[in-house]
Amino acid sequence: MDTASLPRHLFVTGTDTGVGKTTVTEHLIQQFVAQGLKVVGMKPVASGCEWLDGRWQNEDVMRLTAASNVQAPPELVNPYCFQPAIAPHLAAIAAGVEIRLDVIQSAFAALSGMADVVIVEGAGGLLVPLNATHSIADLVQALLIPALVVVGMRLGCINHALLTAQLLQQRQIACCGWVANQIDPHMAMQDENLQTLTDWLQQPPLLHLPYQGRPA
């Protein structure tokens with residue numbers, strides 16, 4: 001991927017859950033690190049965690065931390081971590097916690113002061129609720145950074161990708177591009193679907209990742 005056209009801070013969102021946001025975020029971190037920049041990955045909200053070394057930890061967060069060359073405090077990298085692998089707002093309710101945008105904003109600001117590049121990974125798609133009134137889209141707006149959309153290449157991806165692009169436009173959230181991630185190795189007419197997305201999104205993907213097994 002040519003990272004020259006990408007902003008220094010960005011938000012990796014997806015057309016759905018399980019489309020490979022972590023894989024793409026990890027790849028971006030590695031690309032920026034290779035350029036000699038100080039880079040940190042951030043996952044503000046993670047559900048599906050296990051108790052390790054005296055605290056709840058999430059596999060995706062651990063991958064981003066391992067790829068980063070700035071070792072930031074865990075509470076900044078992942079302010080909200082919940083044990084059950086369920087929707088974030090439901091996990092928060094079960095834990096008696098409210099996910100607050102200002103807490104995430106403060107953590108992001110702190111990370112921005114420590115690194116040249118901060119790559120934030122979302123949870124699910126843009127309309128995943130975080131609390132009773134805010135979604136992932138509201139979080140992207142609050143952080144004032146552009147979005148990069150990961151499209152999981154499988155049947156139905158065109159509709160999901162165009163709906164995501166439409167929401168970004170409606171919310172006036174800048175989009176710095178999209179990534180095609182081949183999550184179904186048996187997808188019919190892969191090239192034709194990719195071309196359709198290119199035409200309708202009015203830009204080719206910044207990166208087309210081949211099938212790599214179970215997406216993350």
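Computed values, structure above
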| read-out | value |
| --- | --- |
| By accessible area with a 1.4 Å probe, ligands and nucleic acids excluded, highest first: order of 160, 27 | 160, 27 |
| Segment 1-72: C-alpha gyration tensor shape, a/c 1.5 cut-off, then a/b vs b/c | oblate |
| Cα gyration tensor category, rounded, prolate or oblate, for segment 41-105 with a/c compared to 1.5 | oblate |
| Where the chain is the region considered: accessible area per residue in Å², 1.4 Å probe | 46 Å² |
| Residues residue 34 and residue 200, FRET efficiency given R0 of 35 Å [Cβ-Cβ distance, rounded to 0.05] | 0.60 |
| Label of the coordinate-derived value, mean projected area of the Cα convex hull in nm², listed as (i) 16.4; (ii) 11.4; (iii) 12.8 | (ii) |
| Stretch gain in nm, segment residue 97-residue 71, where the contour uses 0.36 nm per residue and the Cα spacing is subtracted | 6.7 nm |
| Most mobile listed residue (171, 154, 63) in the chain, GNM with C-alpha springs under 10 Å | 171 |
| Whole-number D in µm²/s for segment 62-173 (Stokes-Einstein; Kirkwood sum over Cα pairs; 10 °C, 1.306 mPa s) | 103 µm²/s |
| Relative contact order of segment 1-154, pairs being alpha-carbon contacts under 8 Å that are 6 or more residues apart, as % | 38 percent |
| Carbon and sulfur %, accessible surface of the chain computed with the full protein complex present, 1.4 Å | 53 percent |
| Dipole magnitude (debye, nearest 20) for the chain, charges at Cβ of Lys, Arg, Asp, Glu | 220 debye |
| Amide H contacts of residue 175 (H built 1.01 Å from N, under 5 Å, at least 5 apart or other chain) | 147 |
| Calculated on alpha-carbon atoms, Rg and Dmax of segment 160-208 in Å | 11.6, 35 |
| ³J(HN,Hα) computed for each position of segment 37-43 - Karplus, 6.51 cos²θ - 1.76 cosθ + 1.60, integer Hz, glycine/proline x | 8, 8, 10, 9, x, 10, 10 |
| Placed amide H near residue 150: partners under 5 Å, 5+ positions off or other chain | 13, 14, 15, 179 |
| Label-point separation, residue 53 to residue 155 (7 Å along Cα→Cβ), nm | 4.3 nm |
| Percentage relative contact order, segment 64-216, counting C-alpha pairs under 8 Å, at least six apart | 17 percent |
| Nearest-10 value in Å² for the accessible area of residue 80, using the 1.4 Å probe | 20 Å² |
| Helix-only [θ]222 nm of the chain, DSSP H runs n ≥ 4, -39500 (n - 2.57) each, per residue, nearest 500 | -11500 deg cm²/dmol |
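The values are calculated or read from the model by the stated rules, or taken from the named source; none is laboratory data. The model shown is predicted, which means the values in this text are computed figures rather than measured ones. Every residue, glycine among them, receives a Cβ derived from its backbone with ideal geometry; neighbour counts consider all protein chains shown. Side chains are part of the model used for accessible areas, which takes the heavy atoms of the whole protein and leaves out ligands, DNA and RNA. Shrake-Rupley method; radii C 1.70, N 1.55, O 1.52, S 1.80 Å.
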